[in-house]
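The values are calculated or read from the model by the stated rules, or taken from the named source; none is laboratory data. Note that the coordinates shown come from a computational prediction; the quantities given were computed from them, not determined experimentally. Here the Cβ is made from the backbone with ideal geometry for all residues, glycine too, and neighbour counts use every protein chain on show.
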Amino acid sequence: MNASLALRQYQNVNLQAQVTEASPHRLIQMLMQGGLDRISQATGATERGMLAEKGLLIGKSIAIIGGLREALDFEAGGELAQNLDRLYAYMVIRLSEANRHNDAAPLLEVGNLLREIKSGWDGIQGQG
């Protein structure tokens with residue numbers, strides 16, 4: 001068996017175990033980190049001119065942002081949830097622009113925005 005294939009399979013099993021055991025708060029953290037990772041990878045692919053890989057990674061980033069939007073609870077979250085929804089919608093637009101124009105700047109912008117949101121989310125861990 002190829003060593004890199006074995007490593008990937010181990011990582012998939014490990015991730016599945018983490019997801020199964022994670023609290024809702026932790027699942028959102030994992031989504032945010034996954035988004036940050038894909039955005040970073042897409043930035044590198046853009047800078048190296050790897051357009052197919054860049055498109056795939058941006059698509060994954062958009063899907064993750066979509067998952068974050070779907071997880072919003074507008075009833076409990078009120079104005080904050082509405083603001084996050086608008087910010088997530090803006091991020092999707094910027095990611096699409098990065099893909100269309102092969103431009104890393106919007107990727108960096110979205111990464112910074114998501115990092116800031118994640119920092120706030122990490123800060124509420126254990127509350128409630």
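Return yes or no: is residue 94 part of a helix (DSSP H, G or I), more than 21 Å from residue 29 (Cβ to Cβ), in contact with a helix residue (DSSP H, G or I) (Cβ under 9 Å, 6 or more places away or on another chain) and among the charged types (D, E, K, R)?
Numbers: part of a helix (DSSP H, G or I): yes; more than 21 Å from residue 29 (Cβ to Cβ): yes; in contact with a helix residue (DSSP H, G or I) (Cβ under 9 Å, 6 or more places away or on another chain): yes; among the charged types (D, E, K, R): yes.
Yes: the conditions hold for residue 94.
Filtering 52, 81 for residues that are at pLDDT 95 or above, part of a helix (DSSP H, G or I) and touching an Asp or Glu at 6+ places or on another chain (Cβ under 7 Å) leaves a single hit, 81. Kindly check whether there is at least one residue in segment 102-123 that is assigned to a helix (DSSP H, G or I), of a type in the set (A, V, I, L, M), more than 14 Å from residue 36 (Cβ to Cβ) and in contact with a Pro (Cβ under 9 Å, 6 or more places away or on another chain). No, every residue in segment 102-123 fails to be assigned to a helix (DSSP H, G or I), of a type in the set (A, V, I, L, M), more than 14 Å from residue 36 (Cβ to Cβ) and in contact with a Pro (Cβ under 9 Å, 6 or more places away or on another chain).
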